[in-house]
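Asker: Provided herewith is a single structure, encoded as structure tokens, for subsequent inquiry.
The values are calculated or read from the model by the stated rules, or taken from the named source; none is laboratory data. Since the structure is predicted, the reported quantities are computational estimates derived from the model, not experimental observations. Positions of Cβ are backbone-derived with ideal geometry, glycine not excepted, and every protein chain shown enters the neighbour counts. Ligands, DNA and RNA are excluded from the accessible area calculation, which covers all protein heavy atoms including side chains. Shrake-Rupley method; radii C 1.70, N 1.55, O 1.52, S 1.80 Å.
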Amino acid sequence: MRFLKFGFSSDMLILGERFKKGQYRPVITTIPYSQITGALQAIYGNGRYNGDAKQIHACGHFLFTNETEFREKHIKALTYSPRNRHLNSSILPIYTEFLYNVEGFVYLKENDDVKEIVQDASKGDLSLWMGGLKSKGFGKCKLNFKGAIDANRDIAEGCLNTRLPVLKLGVPGFDAGEEGVKKLIEEGIPTKLLQEVFGIKRVKTANFGYLFEPTSKTGGKYVLSLFEGSTVEAPKFLLKEEGE
Amino acid sequence: MRKFSQFDNVILNTTTQFLAILTPDASVTEFVKLFSEKGFFIEVEEANTVLDNAYLAPQSIKQKEREKLEERLERRREGIEKQKQKIPENVYKERLEQIYAEIDEFEARFPIHNIYGSLPCTINDLCEVCQMQSAESEYDWVDEESGVTEHLCNNCYQIRKFREEPPAPKLDLWYKEEPRSRIAWIKVNLDIESLAETLQGLLDKYVQDIIKDEISEKIELRFSVLAEFQHDYEMFLKDFNEELEKELSEEKLQPILDDFICVKLDPTSKIKDILEIYNNLFTEYFPELKNQKSPVTLSISVSNVKFAFFRHWKILENPVDDVNVALVGRGEMHLNLKQLEELIEIRLPSAKQLHKLAKISETSDRLAKVLVYDRGDYRLYSSMDEMRGAVKNGINFKTILTYAKIMEDVDEVS
């Protein structure tokens, strides 16, 4: 099982949670599967969804050892008031956090569907857009190819450093079903997607949440996911380094 | 939580944590159902042990039992290594594997896991508050003033509807009458795991220093100590609330929980009074905890009354040090209790100078440092003498600047 490792950098980025009370949007401090995979699908995908979409699987994390320090140095806030042109007035202002000058790593599962990405990456940095408020200039990211990793070689127990879905809609074998999810919740046995795509061997403490998965051009569903902080037995690149 | 704390097997509880003993046949999932069925998720640290070893908190029990286990397994491992040449290799491997199995068995007795009410595989519309359940249109919540509609799940909707009157009516009033007023969210936290360690450390020290000749074996703390601590902690919180009311007057105080209060700050430098009250009461109730990392911490987050509560909560739920003050968007300070005492006693320059320092630091911390340390401005240099002294004694410069921002309106107090 091989992954391609990319250096990641962005000047201004909004990887947010949902708006709170329609006003406040906090940012998260990792690069979830849904965001980076969606950004890569937008450029290298085939425009299809569910089982027909290209099998691009990626995730990532930012580089930091102390989250409080990282928040202090790399998270700022922006107050923004979208304008209603029909009423010629500004609607309720929103307060959004954003990440600036951030660096990290992105890991892409190597398979036939990512050949085009590999080809482009060999020519130079890849540019892509990710996250919120792209129309206001946020979200430009760069990926710089670093090399390949054999995920089976370095397995360890530790704290998950990213967000990964436990199932993939419409992909035979990866849609888990009630039984697979029950086994994960009750016994810590990873679903097929977690095992076969990310090489996760065991989930000792699960922090669950939901990630968005598009099912059409205009819609999608939220799927059960493992969030950062879960204790897992997995390839080392998915884990927080000691002291982080 | 108040109802929950009445259960016989709940030994210690705060508004967000509890410590309980269950019999082996009881289910933890059932025990916390009261919370999980309302949509909360519960982080559980378990210790499965015999009553004789039931010692203060789960991780402390684990630590203690691990020491014994490691000692025993090390002796066995040495025995196996000595016999290595005399026994067949498969027997040697089998015996080593027995040791590993025993370690796994030991770890399995101390699981750390989360309990969730329900976890659907997929959700069409996610609840905007908990982000863990499906939002239904019948539970849409419309804010009358702003017109903002929040799409909620049943649990979050029921929690909103729980009280007919708003849970913080004064906050509503401040928001409507003085939308530019500043408020502070104050949260006192108690870390149960750290409390167990601290109390045992204090007892060990006491035995070592005072009665070492009279007793030969290690004395271990039992649950009655926690019950006593709970009593003191509750009294401490009660007094803290009362003192705040005296200092700030009732109309500027919005109690929410015993350890969670919102106050209207007029002016911001009132934070110093809050810190003084906390420091005095802490010295009165827990004098021994002042000399080390305290399991009881204070977090204060200050902003305009309109500012989103969720941001405050992120600050309040993760205390970095014993005392933490955040001025949203302007700076943070994290201090231990000794540093707090020192900071409170610093003779500050005039409000005008503090204001100047605060304004400069908003542009550049380095520039502010020049102002404090530059001997060129003799008048300013000497009046900032004590501030410079505090930096030498371990308080960082950022804390000084945040404190300057807190105190810049001090003249309005007098």
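Asker: Among the numbered criteria (1) more than 14 Å from chain B (Cβ to nearest Cβ); (2) crowded, with 18+ Cβ neighbours inside 10 Å; (3) within 29 Å of B:Lys314 (Cα to Cα), which single criterion is violated by A:Tyr24?
Answerer: Just one mismatch for A:Tyr24, condition (1).
Asker: Exactly one condition in (1) loosely packed, with under 10 Cβ neighbours inside 10 Å; (2) under 37 Å from the mean Cα position of the chain (by Cα) is false for B:Leu119; which is it?
Answerer: In the conditions (1) loosely packed, with under 10 Cβ neighbours inside 10 Å; (2) under 37 Å from the mean Cα position of the chain (by Cα), B:Leu119 misses (1) alone.
Asker: Okay, next question. Assess whether B:Arg160 counts as being under 30 Å from B:Ser294 (Cα atoms) and more than 23 Å from the chain's Cα centre (by Cα).
Answerer: no
Asker: Are any of the residues in segment B:140-154 outside any loop (DSSP other than H, G, I, E, B) and under 30 Å from A:Gly188 (Cα atoms)?
Answerer: Looking only at segment B:140-154, we keep the residues that are outside any loop (DSSP other than H, G, I, E, B), and these are B:141-142, B:149-150, B:154.
Still in the list and also under 30 Å from A:Gly188 (Cα atoms): B:154.
Yes, that holds for at least one residue.
Asker: Limited to segment B:109-134, what total is found for residues that are facing chain A (nearest Cβ under 10 Å) and over 20 Å from B:Lys33 (Cα atoms)?
Answerer: Residues meeting the conditions: 9.
Asker: Here are some conditions: (1) more than 10 Å from every other protein chain (Cβ to nearest Cβ); (2) over 19 Å from A:Ser34 (Cα atoms). A:Ile185 meets all but one. Which one does it not meet?
Answerer: A:Ile185 satisfies every listed condition except (1).
Asker: So if I check each of B:Asn124, B:Asn154, which one is of a type in the set (S, T, N, Q), open to solvent by 50 Å² or more (accessible area, probe 1.4 Å) and over 32 Å from the mean Cα position of the chain (by Cα)?
Answerer: Numbers: B:Asn154 fails: over 32 Å from the mean Cα position of the chain (by Cα).
The match here is B:Asn124.
Asker: While we're on this one: Checking the condition more than 14 Å from chain A (Cβ to nearest Cβ), surrounded by 14 or more Cβ atoms within 10 Å (Cβ to Cβ) and not aromatic (Phe, Trp, Tyr), which residue from B:Arg95, B:Arg72 passes? Steps first, please.
Answerer: Values: B:Arg72 fails: surrounded by 14 or more Cβ atoms within 10 Å (Cβ to Cβ).
It is B:Arg95.
Asker: Sort through A:Thr65, A:Thr79 and tell me the only one that's exposed (fewer than 13 other Cβ atoms within 10 Å of the Cβ), under 21 Å from the mean Cα position of the chain (by Cα) and of a type in the set (Val, Ile, Thr).
Answerer: Working: A:Thr79 fails: under 21 Å from the mean Cα position of the chain (by Cα).
Answer to the check: A:Thr65.
Asker: Considering segment A:161-182 alone, what residues qualify as being within 13 Å of another protein chain (Cβ to nearest Cβ), under 13 Å from A:Ala206 (Cα atoms) and open to solvent by less than 70 Å² (accessible area, probe 1.4 Å)?
Answerer: Step one: list which residues in segment A:161-182 are within 13 Å of another protein chain (Cβ to nearest Cβ), which gives A:163, A:165-170, A:174-182.
If we keep only those that are under 13 Å from A:Ala206 (Cα atoms) too, we end up with A:163, A:165-166, A:181-182.
A:Arg163, A:Pro165, A:Val166, A:Val181, listed by residue number.
Asker: Additional query: Please go through segment B:170-198 and pick out each residue that is closer than 15 Å to B:Glu251 by Cα, in contact (Cβ under 8 Å) with a residue 40 or more places away in the chain and not in a strand (DSSP E or B).
Answerer: The answer is B:Lys170, B:Leu171, B:Trp174, B:Tyr175, B:Glu178, B:Ser181.
Asker: Considering only residues that are more than 8 Å from chain B (Cβ to nearest Cβ) and open to solvent by less than 20 Å² (accessible area, probe 1.4 Å), which ones fall in segment A:189-212?
Answerer: Answer for segment A:189-212, where residues must be more than 8 Å from chain B (Cβ to nearest Cβ) and open to solvent by less than 20 Å² (accessible area, probe 1.4 Å): A:Pro190, A:Thr191, A:Leu193, A:Leu194, A:Val197, A:Phe198, A:Gly199, A:Ile200, A:Val203, A:Leu211.
Asker: Further, regarding this structure: A:Ala156 fails exactly one of the following numbered conditions: (1) surrounded by 18 or more Cβ atoms within 10 Å (Cβ to Cβ); (2) hydrophobic (A, V, I, L, M, F, W, C); (3) away from chain B (no Cβ under 14 Å). What is the number of that condition?
Answerer: Here A:Ala156 clears every test but (1).
Asker: Something else now. From B:Asp204, B:Asp191, B:Asp209, grab the single residue that is away from chain A (no Cβ under 14 Å) and under 30 Å from A:Glu186 (Cβ atoms).
Answerer: On the way: B:Asp204 fails: under 30 Å from A:Glu186 (Cβ atoms); B:Asp209 fails: under 30 Å from A:Glu186 (Cβ atoms).
When all the criteria are applied, what remains is B:Asp191.
Asker: What helices (runs of 4 or more DSSP H) completely inside segment B:324-414 contain at least 2 residues that are open to solvent by less than 20 Å² (accessible area, probe 1.4 Å)? I'd like the intermediate steps shown before the answer.
Answerer: Numbers: elements: B:337-345, B:351-363, B:365-373, B:378-383, B:385-392, B:397-407.
Once the helices (runs of 4 or more DSSP H) in segment B:324-414 are filtered for at least 2 residues that are open to solvent by less than 20 Å² (accessible area, probe 1.4 Å), what remains is B:337-345, B:351-363, B:365-373, B:385-392, B:397-407.
Asker: Let me ask you something else. Have a look at A:Glu213, A:Glu186 and point out the one that is without any contact (Cβ under 8 Å) to a residue 12 or more places away in the chain and within 24 Å of B:Thr122 (Cα to Cα).
Answerer: Values: A:Glu213 fails: without any contact (Cβ under 8 Å) to a residue 12 or more places away in the chain.
After applying the criteria, what remains is A:Glu186.
Asker: Would you point out which residue out of B:Leu253, B:Leu316, B:Leu289 is among the hydrophobic types (A, V, I, L, M, F, W, C), open to solvent by less than 10 Å² (accessible area, probe 1.4 Å), modelled with pLDDT under 95 and closer than 16 Å to B:Val328 by Cα? Even if it seems obvious, please write down each step before you answer.
Answerer: Values: B:Leu253 fails: closer than 16 Å to B:Val328 by Cα; B:Leu289 fails: closer than 16 Å to B:Val328 by Cα.
Residue meeting the stated conditions: B:Leu316.
Asker: Has segment B:75-87 got any residue that is within 14 Å of another protein chain (Cβ to nearest Cβ), open to solvent by less than 80 Å² (accessible area, probe 1.4 Å) and more than 30 Å from B:Ile159 (Cβ to Cβ)?
Answerer: Looking only at segment B:75-87, we keep the residues that are within 14 Å of another protein chain (Cβ to nearest Cβ), and these are none.
Looking for residues that are within 14 Å of another protein chain (Cβ to nearest Cβ), open to solvent by less than 80 Å² (accessible area, probe 1.4 Å) and more than 30 Å from B:Ile159 (Cβ to Cβ), one finds none in segment B:75-87, hence no.
Asker: Tell me, please, whether a residue that is closer than 18 Å to B:Leu119 by Cα and touching a Phe, Trp or Tyr at 6+ places or on another chain (Cβ under 6 Å) can be found in segment A:116-127.
Answerer: Kept after step one, since they are closer than 18 Å to B:Leu119 by Cα, are these residues of segment A:116-127: none.
No; the residues of segment A:116-127 include none that is closer than 18 Å to B:Leu119 by Cα and touching a Phe, Trp or Tyr at 6+ places or on another chain (Cβ under 6 Å).
Asker: Checking A:Arg83 against (1) under 27 Å from A:Pro214 (Cβ atoms); (2) in contact with a strand residue (DSSP E or B) (Cβ under 7 Å, 6 or more places away or on another chain); (3) not hydroxyl-bearing (Ser, Thr, Tyr), only one condition comes out false. Which one?
Answerer: Looking at each condition in turn, A:Arg83 falls short on (1).
Asker: Does segment A:114-126 hold any residues that are outside any loop (DSSP other than H, G, I, E, B) and surrounded by fewer than 17 Cβ atoms within 10 Å (Cβ to Cβ), and which are they? Before the answer, list the steps.
Answerer: Within segment A:114-126, the subset outside any loop (DSSP other than H, G, I, E, B) is A:114-123, A:126.
If the condition is that a residue be outside any loop (DSSP other than H, G, I, E, B) and surrounded by fewer than 17 Cβ atoms within 10 Å (Cβ to Cβ), then A:Lys115, A:Glu116, A:Val118, A:Gln119, A:Asp120, A:Ser122, A:Lys123 are the ones that fit.
Asker: Out of segment A:50-77, which residues are over 24 Å from B:Trp313 (Cβ atoms) and within 14 Å of chain B (Cβ to nearest Cβ)?
Answerer: A:Asn50
Asker: Sticking with this one: How many residues, within segment B:250-309, are touching a residue at least 12 places away in the same chain (Cβ under 8 Å) and outside any helix (DSSP H, G or I)?
Answerer: Adding up the residues that qualify gives 34.
Asker: Moving on. From the list B:Glu197, B:Glu165, which residue is open to solvent by 40 Å² or more (accessible area, probe 1.4 Å), at pLDDT 85 or above and more than 14 Å from chain A (Cβ to nearest Cβ)? Full working, then the answer.
Answerer: On the way: B:Glu165 fails: at pLDDT 85 or above.
Testing whether each residue is open to solvent by 40 Å² or more (accessible area, probe 1.4 Å), at pLDDT 85 or above and more than 14 Å from chain A (Cβ to nearest Cβ) leaves just B:Glu197.
Asker: Please return the ranges of helices (runs of 4 or more DSSP H) entirely within segment B:24-83 where 2 or more residues are within 19 Å of B:Arg109 (Cβ to Cβ).
Answerer: Working: elements: B:28-31, B:33-36, B:58-83.
Correct list: B:28-31, B:58-83.
Asker: Give the residue that is modelled with the lowest pLDDT, with candidates limited to residues of segment A:91-101 that are open to solvent by less than 10 Å² (accessible area, probe 1.4 Å) and over 18 Å from A:Gly38 (Cβ atoms).
Answerer: It comes out as A:Thr96.
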